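Read through the structure below, which is laid out as structure tokens, and then see the notes.
The values are calculated or read from the model by the stated rules, or taken from the named source; none is laboratory data. Quick caveat: nothing in here was measured; it's all calculated off a predicted structure. Glycine also receives a Cβ, built like all others from the backbone with ideal geometry; neighbour counts cover every protein chain displayed. All accessible areas refer to the heavy atoms of the entire protein, side chains included, with ligands and DNA or RNA removed. Shrake-Rupley method; radii C 1.70, N 1.55, O 1.52, S 1.80 Å.
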Amino acid sequence: MRIFSGIQPTGRKHLGNYIGAIRRYVEGQDQAAESIYCVVDLHATTVAYDPAELRERLYDTLAILVAAGLDPERCILFRQSDVSAHPELSWLLSSVTSWGDLNRMHQFKDKSAGQRELVSAGLFTYPVLMAADVLVHRATHVPVGDDQRQHIELMRDIAERFNARFGEVLVVPEGTYPPVGARIMDLQEPTRKMSTTGGTAEGTVYVLDPPKTIEKKIKRAVTDSDDPPVIRAGADKPGVTNLLEILAAARGITLAEAEASMADARGYGDLKAATAEAVIELLTPVRERYEELRPDERRLEEILAVGAEKAAASAAPVIADVREAMGVGRPR
Ligand code: AQP
């Protein structure tokens, strides 16, 4: 097994990112022969952004990843823009990517609607770069949240189309999704995913939120007006289901076990209190470790330098094979 996943340098990573992705990256270090994680700063340039802030947020994100348990000795941890094989493969793969497929991507539709000045070509071709990120390392498994399913399917199509056109060069990867918490929802609008850009401030729990803030946000979560209150998961109960999913994911139990643990609850207040406690327990060690790590930017750059070297070595043979198969560049 060879794992690859990327994460945006938004700095303010939320509970959905933590449960859907970051925590699973840490587990991946012990499951895979190689696990490769990348902070995708090139992806971050596809929407309006501030260059100085991007650098800061990249360090924030890296410090969160290390605080969560990524160990640069046991995985490859690097910054996307440090490894030019990623954008190079993206360009080469664009020749086997259909415009019509890109045009169907939900994320492009959602994010382009939110751009005030410019809908960049980069936002449109974002899924091609994402495919290149994974394919350039011949990864077999990609841990992501449920919102990335469509991009993973496109990535598989791109790899298959490349192999059909140019020969079996690329590995067709699989997306992997967590059993609970694959789509953590906004606490205030539980029919929308918890999100950095599209969510409500009150409904988004950040990894770095202090315990009191976490408690306040979860206690104010929208549930429903069932009287008496019914604590069970179901499509008709999005707010309660979301809290149960968060509780289950934070405690590392199944959804059924989370429901059963609430059998004696007197109301939604008890569910919220249990959920807040579990989330605080989950995130507090990460926040405390982050506070130690974040000030040392020189150390963070050292981690990135080592990671970039290893990632470039991992990507080099794949880029060479792709160039050869496509007939571009000097022949081998
Ligand atoms: N709500 C979520 N529940 C579970 N997993 C989630 N992920 C994102 N939201 C949820 C997963 O987190 C990983 C890293 O995401 P990202 O930092 O690359 O950004 P994103 O996917 O664009 O998610 P955001 O933070 O919600 O940003 P916006 O607001 O820009 O869409 C991915 O594996 C993702 O699936």
Please work out how much accessible surface Met326 shows to a 1.4 Å probe, ignoring ligands, DNA and RNA, in Å² rounded to 10. 40
Name all residues of region 305-328 having a backbone nitrogen under 19 Å from the label point set 7 Å from the Cα of Val172 along its Cα→Cβ direction, giving them as ranges. 322
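May I ask for the equivalent-ellipsoid semi-axes of region 264-332, computed as the square root of five times each C-alpha gyration tensor eigenvalue and listed largest first in whole Å? Display every interim value, and only then the final one.
On the way: eigenvalues 472, 95, 9 Å².
Calculated on Cα positions only, the semi-axes equal 49, 22, 7 Å.
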Counting only residues 5 or more apart in sequence or on a different chain, those whose built amide H sits under 5 Å from that of Thr176 are Val142, Val144
Residue-span extension gain [Glu153 to Arg266] - 0.36 nm each, minus C-alpha spacing: 36.3 nm
To make sure I understand the rule: partners must be lysines, Cα under 16 Å from the Cα of Lys237, and not fewer than 8 residues away in the same chain. Which ones qualify? Lys193, Lys272
Ratio of Rg to Rh for region 157-222, alpha carbon only, Kirkwood? 1.30
By the C-alpha gyration tensor axes a ≥ b ≥ c (rounded if a/c is under 1.5, else prolate when a/b exceeds b/c, else oblate), the shape of region 79-188 is oblate
Leaving out ligands, DNA and RNA, what percent of the accessible area of the chain is carbon and sulfur, probe 1.4 Å? 50
With Cα springs under 10 Å, the Gaussian network model of the chain assigns the largest mean-square fluctuation among Asn103, Asn163, Asn242 to Asn103
In nanometres, what is the gap between the two model label sites at Ser120 and Val230, each 7 Å from Cα along Cα-to-Cβ? 4.8
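Treating only the Cβ atoms of Lys and Arg (+1) and Asp and Glu (-1) as charged, compute the dipole magnitude of the chain about its Cα centre; round to the nearest 20 debye. Show your work: numbers first, answer last.
Working: 40 positive and 49 negative charges, 101 e Å.
With only Lys, Arg, Asp and Glu charged at Cβ, the dipole is about 480 debye.
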At q = 0.09, 0.11, 0.18, 0.19 Å⁻¹, what log₁₀ I(q)/I(0) does a Debye calculation on the Cα points of region 134-272 give, no solvent, two decimals? -0.38, -0.52, -1.00, -1.07
From largest accessible area down, sort Met1, Met194; use a 1.4 Å probe on the protein chains. Met1, Met194
Cβ charges +1 (Lys, Arg) and -1 (Asp, Glu), total dipole of region 211-291, debye: 360
Over the alpha carbons of region 202-332, what is the largest minus smallest coordinate on each principal axis, giving the biggest first in Å? 73, 38, 24
Taking only protein heavy atoms into account and a 1.4 Å probe, give the accessible area per residue of the chain in Å². 46
Choice from Arg298, Arg183, Arg220 showing the highest fluctuation, given a GNM over the chain with Cα pairs closer than 10 Å: Arg298
So what is the diffusion coefficient of the chain in µm² per second by Stokes-Einstein at 25 °C and 0.890 mPa s, using a Kirkwood Rh over Cα pairs? 118
Can you pull out the trypsin sites (Lys or Arg not before Pro) in region 95-158 whose DSSP state is coil and whose Cβ has at most 10 other Cβ atoms within 10 Å? Arg116
Based on Cα coordinates alone, diagonalise the gyration tensor for region 207-257, multiply each eigenvalue by 5, take square roots, and list the semi-axes in whole Å, largest first. 21, 16, 8
Could you compute the FRET efficiency for Arg165 and Arg299, with r as their C-beta to C-beta distance and R0 at 56 Å, rounded to 0.05? 0.80
Signed unit charges on C-beta, dipole axis of the chain, positive-most listed residue Ile152, Thr284, Met326: Met326
